[in-house]
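Here's the structure we're looking at; comments come further down.
The values are calculated or read from the model by the stated rules, or taken from the named source; none is laboratory data. For clarity, every value in this text was computed on a predicted model and none was experimentally measured. For neighbour counting, all protein chains shown are included, and Cβ atoms are generated from backbone atoms with ideal geometry for every residue, glycine included. The accessibility values were calculated without ligands, DNA or RNA, using every heavy atom of the protein model including side chains. Shrake-Rupley method; radii C 1.70, N 1.55, O 1.52, S 1.80 Å.
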Amino acid sequence: MKDILIMGIESSCDETSVSIVKNGREVLSNVINSQIKIHEAYGGVVPEIASRCHTEVINQIMKESLKEAKVSLDDIDAIAVTYGPGLVGALLVGVSYAKGLSFATGKPLVPVNHIEGHIAGNYITHKDLEPPFLCLIISGGHTHLVNVKNYNEFEILGKTRDDAIGEAFDKVARVVGLGYPGGPKVDNLAKEGTANIKLPVVHLDNLDFSFSGIKTAVINLNHNQKDINKADLCASFEKAVTEMLTNNVRKALKEYNEDKIVIAGGVSRNSYIRNEFDKLGEELGCKIYYPEPILCTDNAAMIAAQGYYDFINGKRADLKLNAIPNLKIGNK
Ligand code: KG4
Ligand code: ZN
């Protein structure tokens, strides 16, 4: 069978990325331009600045991606682009660029859901992984427990009722003075602390999550106890949120009689969370999958991987494609 090359384009938040992926699994290039340094000064992503930065670099990133993959535009079978969820202005840069490229080259345009892309990052790292499986998506904007029935069929089993877990990490980092982006900084500082501070762990009776209570508890503790040990606070926060994740995953694995769990999204880079899931895997005799670190946070290789499965399933967009900032997983 002929190889299929997909160009993935990602611009939903603060990373501009273009990647070339072969047959949904083999990365030929994955060029990522992160704007973290620019947004750092503001303590978070400034949407208007993000859009402008995407516009400035996207064409160059696309050229670099082709060069690194040692292919030309002619060799590409389809152009896959993130059309949601994300920041509308940022998404529109990638969507408009992809439409222009599709029009100019006559290559098919494939619209990709960013959250489904996060799941697909795992197909690159684990060549043997195939649906069905349960997936926990933990990112800056999302916390979902999903039944991945097929490459293109998803059922949401649980989700956060308030904040996304990454949002809680970023907020905790900000209040304890670690700055943006918070997740990796909390991860590092927590290693120097002990989880000896009691924080609220929410157990809901279904598979939903809630992180606003613990976020507020950390903010209040930090405000009221000026001499609080920040490393201990970060370690205690990580321990409590991880317990909420492992509780629900344990419940879901039992309920759905599954023996593997796939973890995805930026927060899946967290070393404590990985450790605890490895322990859960041993306890339950389950296999735990994570993408390699570079495929956890936003990148276009995961978009090209999902784009491949959408492409062979016949999913296409025309030049009327628009950005959908609140796009839901599984949206046809
Ligand atoms: O998946 P992602 O790049 O963007 C979204 O789609 O939201 O996730 C970004 C999130 C941020 O909240 C960031 O703080 C968090 O992932 N993150 C981490 C770590 N690395 C990134 N959180 C905890 N520990 C980490 N090591
Ligand atoms: Zn993401």
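Quick check on packing: order 244-257, 167-180 by the mean number of other C-beta atoms within 10 Å, highest mean leading. Let's see the in-between values first.
Numbers: 244-257: 16.6, 167-180: 20.4.
Ranked by mean Cβ neighbours within 10 Å, highest first: 167-180, 244-257.
In debye to the nearest 20, how big a dipole does the chain give about its Cα centre with +1 on each Lys and Arg Cβ and -1 on each Asp and Glu Cβ?
Computed about the Cα centre, the dipole is about 280 debye.
Taking a cut-off of 18 Å between Cα atoms, list the lysines near Lys70, but don't count ones fewer than 8 places away on the same chain.
Lys2, Lys22
Taking every Cα atom in segment 132-291, find the radius of gyration and the maximum pairwise distance Dmax, and write them in Å.
Rg, Dmax (Cα atoms, Å): 15.4, 51.
Using mean Cβ contacts within 10 Å as the protection proxy, how do 195-207, 71-83 order, highest first?
Put in order of decreasing packing, that is 71-83, 195-207.
I'd like to compare 125-131, 261-267, 88-94, 212-218: which one has the highest average count of other Cβ atoms within 10 Å, and what's the full order after that?
261-267, 88-94, 212-218, 125-131
For the chain, what % of the accessible area comes from carbon and sulfur atoms, probe 1.4 Å?
Heavy-atom surface of the chain belonging to carbon and sulfur, 1.4 Å probe: 51 percent.
Where both residues lie in the chain, what percent of DSSP beta bridges are antiparallel, nearest 5? Could the numbers behind the result be given before it?
Numbers: 27 of 44 bridges.
Antiparallel: roughly 60 percent of the beta bridges in the chain.
Which of the lysines could a cross-linker bridge to Lys251, judged by Cα under 25 Å and excluding same-chain residues fewer than eight apart?
Lys149, Lys159, Lys198, Lys215, Lys239, Lys260, Lys279, Lys287, Lys328
How large are Rg and Dmax for segment 184-257 when calculated on the C-alpha trace, in angstrom?
13.8, 47
If you average 1/r over all unlike Cα pairs in segment 38-178 and invert the result, what Kirkwood radius do you get in angstrom?
17.6
When you take every Cα atom in segment 216-332, what is the radius of gyration, and what is Dmax, the widest Cα pair distance, in Å?
Every Cα atom of segment 216-332 included, Rg and Dmax give 19.0, 59 Å.
Do any trypsin sites (Lys or Arg not before Pro) in segment 47-112 lie in a DSSP loop with no more than 14 other beta carbon atoms within 10 Å, and if so, which?
On the way: sites: Arg52, Lys63, Lys67, Lys70, Lys99; in loops: Lys70.
Here the sparse-neighbourhood loop sites are Lys70.
Given a 1.4 Å probe, how much area per residue of the chain is accessible, in Å²?
Values: 14030 Å² over 332 residues.
For the chain, the per-residue accessible area is 42 Å².
Considering the chain as a Gaussian network with a 10 Å cut-off on Cα pairs, which listed residue, Asn313, Asn147, Asn322, attains the greatest mean-square fluctuation?
Asn313
Starting from one equal scatterer on each C-alpha and no solvent at all, send me the Debye-based log10 I(q)/I(0) for the chain at q = 0.06, 0.07, 0.09, 0.13 Å⁻¹, two decimals.
-0.20, -0.28, -0.46, -0.94
Per DSSP H run of at least 4 residues, take -39500 (n - 2.57); add these up for the chain, divide by its residues and hand me the 222 nm value, nearest 500 deg cm²/dmol.
-14000 deg cm²/dmol
Among Gly179, Leu157, His144, flag the residue with its Cα farthest along the positive direction of the charge dipole of segment 143-191, charges on Cβ as +1 for Lys/Arg and -1 for Asp/Glu.
Gly179
Over all directions, what mean area does the Cα convex hull of segment 1-51 project, stated in square nanometres? Could you put the intermediate results ahead of the total?
Working: hull surface 15.7 nm².
With the hull built on Cα positions only, its mean projection is 3.9 nm².
Give the long-range amide H neighbours of Lys159: residues separated by 5 or more places, or on another chain, with amide H under 5 Å away, using H modelled in the peptide plane at 1.01 Å from N.
Leu145, Asp208, Phe209
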